[in-house]
Amino acid sequence: SIQEVGGYVLIAMNEATNIPLVNLKLIRGQNLYEGQYALLVMSNYNRNHSSATLNYTGGLRQLQLSSLTEILKGGVKMTHNPLLCNTETIQWWDILDKASNPSMLFKTDTFARNCDKCDPGCVNGSCWAAGPDQCQRFTKLQCAEQCSRRCRGPRPSDCCNEHCAAGCTGPKATDCL
């Protein structure tokens with residue numbers, strides 16, 4: 001039920017297959033990990049050490065951040081998540097604030113993953129996991145040029161109020177998410 005985080009989100013050293021933060025809309029980044037990251041996903045796997053070859057027996061496969069539309073300050077770091085799927089499809093510049101000069105660090109493991117594809121209805125093929133409810137929600141890259149910040153669709157009438165973070169349901173300040 002978490003919708004907003006004031007500092008940073010750290011997801012690390014988990015063996016769970018998914019972390020369902022489906023209601024998280026906004027990471028403010030008032031405090032940053034290592035002084036630069038607002039979202040970190042690191043070392044989420046269980047490796048079978050008795051095997052001579054790489055054999056991951058469990059770990060994070062899905063982030064399920066389908067409501068995340070804004071990181072106000074800070075960047076993203078994703079490392080050592082050999083089973084994690086679909087993060088390469090996310091259009092991070094729709095979520096991040098370029099003006100804050102965010103750091104981006106992605107180290108993709110070469111382990112062969114069996115990932116489900118994004119739902120065909122997902123815009124730009126961008127999703128957090130398989131299924132129509134896991135498509136990335138665009139609030140910046142798909143806006144009309146008249147919009148000053150965020151939007152809820154491609155038409156000029158879809159522009160959000162300039163004070164809205166994370167999107168809106170209409171044009172007024174009271175319509176901010």
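Remark: for residue pairs K25/K98; K140/K172; K77/K117; K73/K117, the C-alpha separation exceeds 21 Å in K77/K117; K73/K117.
Of the beta bridges DSSP finds with both residues in the range 1-117, what % are antiparallel, to the nearest 5? Just about 15 percent of them are antiparallel. Taking all C-alpha pairs of the chain, those more than 26 Å from each other amount to 31 percent.
The value for the range 126-177 of Rg(Cα) / (2.2 N^0.38 Å) is 1.16. Using a Gaussian network model of the chain in which every pair of alpha carbons under 10 angstrom is joined by a spring, one finds that among V123, V22, V76 the greatest mean-square fluctuation is at V123.
Readers should treat all values here as calculations from the given coordinates under stated rules, not as data from a laboratory. This structure is a prediction, so every number in the text was calculated from the model and none was measured.
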